[in-house]
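What follows is a short report on a single structure.
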Amino acid sequence: MSFEPSTGFRPPQQARSRAALQKLLLAAEESLAAVGLDDFTIADVSERAGVSVGAIYRRFDSKEELLAAVKDRLLTRVETTITEALAGSEPGLVNVIDSFARGLAESFSLGDQVIPDLLSSSSVELHERGLRTLSSLQRLFMNAIAPYLGEVRRGDPMTSAESTAHTLIGACVHRAASVRRWPDGLSWELWADHISSMAVGYLLTSDTRGTE
């Protein structure tokens with residue numbers, strides 16, 4: 001997936017220009033992490049990237065366009081990281097869940113200083129880009145776990161797996177958005193271990209409510 005705003009952004013065609021754009025987006029990400037969304041300015045990004053303000057405006061018509069590109073870069077990194085984590089997973093339901101949780105933790109840990117501010121944006125384009133990523137992550141999970149649905153013991157296997165995907169993704173987004181203000185004392189790696197164990201326990205335990 002890539003960011004496709006209706007106006008304003010001019011994607012580079014040459015390799016050198018693409019490298020310069022990545023440097024600019026990295027500077028913007030660092031600026032956002034350092035000062036927050038409210039104090040984020042083109043001038044600060046310009047200083048961090050070592051380019052003129054005018055050079056930035058030749059690529060982006062506004063600060064909002066630049067922020068949208070930063071979010072796209074982060075979310076593309078999330079999708080890529082999780083795709084690779086699942087591709088390298090050992091066979092089996094437990095291993096798939098563990099790889100997915102670790103992929104979530106790894107990708108969101110790299111942006112937990114930035115993602116909360118971007119998630120709070122009122123921009124429709126930013127919101128829709130985020131929703132596309134959430135849908136993409138769920139598809140990745142469901143495709144990876146599909147061969148092992150026969151191992152699921154709770155209710156309808158497909159429905160239970162979909163609920164697990166929602167829960168894992170939602171928990172990760174929530175932690176990224178709140179961990180600075182509401183720390184839980186866990187590293188991202190240890191958090192992944194906890195959330196993976198909970199998901200495995202859910203799927204491998206029969207639901208006995210209403211049977212007694």
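Of the residues that make up region 140-156, is at least one part of a helix (DSSP H, G or I) and closer than 30 Å to LEU67 by Cα?
Filtering region 140-156 for residues part of a helix (DSSP H, G or I) gives 140-151.
Okay, now just the ones that are also closer than 30 Å to LEU67 by Cα, so 140-141.
There is at least one residue in region 140-156 that is part of a helix (DSSP H, G or I) and closer than 30 Å to LEU67 by Cα.
GLU212 versus (1) modelled with pLDDT of 95 or more; (2) open to solvent by 80 Å² or more (accessible area, probe 1.4 Å); (3) among the acidic types (Asp, Glu): which is the lone unmet condition?
Result: GLU212 passes all but (1).
Scan region 1-35 residue by residue and report those that are modelled with pLDDT of 85 or more, closer than 20 Å to ARG129 by Cα and not aliphatic (A, V, I, L, M).
Correct list: GLN22, GLU29.
Yes/no matrix, rows are residues, columns are (1) part of a loop (DSSP other than H, G, I, E, B); (2) of a type in the set (Gly, Ala, Ser); (3) within 18 Å of ASP38 (Cβ to Cβ); (4) open to solvent by less than 20 Å² (accessible area, probe 1.4 Å):
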site: ASN95; (1), (2), (3), (4): no, no, no, no
site: ASP98; (1), (2), (3), (4): no, no, no, no
site: PHE108; (1), (2), (3), (4): no, no, no, yes
site: PRO116; (1), (2), (3), (4): no, no, yes, yes
site: HIS127; (1), (2), (3), (4): no, no, no, no
site: LEU131; (1), (2), (3), (4): no, no, no, no
site: LEU134; (1), (2), (3), (4): no, no, no, no
site: LEU137; (1), (2), (3), (4): no, no, no, yes
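Condition first: open to solvent by less than 50 Å² (accessible area, probe 1.4 Å), within 21 Å of TYR202 (Cβ to Cβ) and under 15 Å from the mean Cα position of the chain (by Cα). Now tell me which residues in region 163-187 satisfy that.
ALA165, LEU168, ILE169, GLY170, ALA171, CYS172, VAL173, ARG175
Enumerate the pairs (first residue in region 44-64 and outside any helix (DSSP H, G or I); second residue anywhere and hydroxyl-bearing (Ser, Thr, Tyr) and surrounded by 16 or more Cβ atoms within 10 Å (Cβ to Cβ)) with beta-carbon separation below 7 Å, excluding pairs fewer than 6 apart on the same chain, so at least 6 apart or on different chains.
Short answer, once both residue conditions are applied: SER52/SER46.
Return only the number of the condition from (1) open to solvent by less than 30 Å² (accessible area, probe 1.4 Å); (2) farther than 19 Å from SER99 by Cα that PRO157 does not satisfy.
All conditions are met except number (1).
Which of the numbered conditions does SER62 fail, given that it passes all the others? Conditions: (1) surrounded by fewer than 16 Cβ atoms within 10 Å (Cβ to Cβ); (2) modelled with pLDDT of 90 or more; (3) within 19 Å of the chain's Cα centre (by Cα).
Status for SER62: all satisfied but (3).
The values are calculated or read from the model by the stated rules, or taken from the named source; none is laboratory data. Quick caveat, the model's predicted, so the values are computed rather than measured. Backbone-built Cβ (ideal geometry, glycine too); neighbour counts: all protein chains shown. The accessibility values were calculated without ligands, DNA or RNA, using every heavy atom of the protein model including side chains. Shrake-Rupley method; radii C 1.70, N 1.55, O 1.52, S 1.80 Å.
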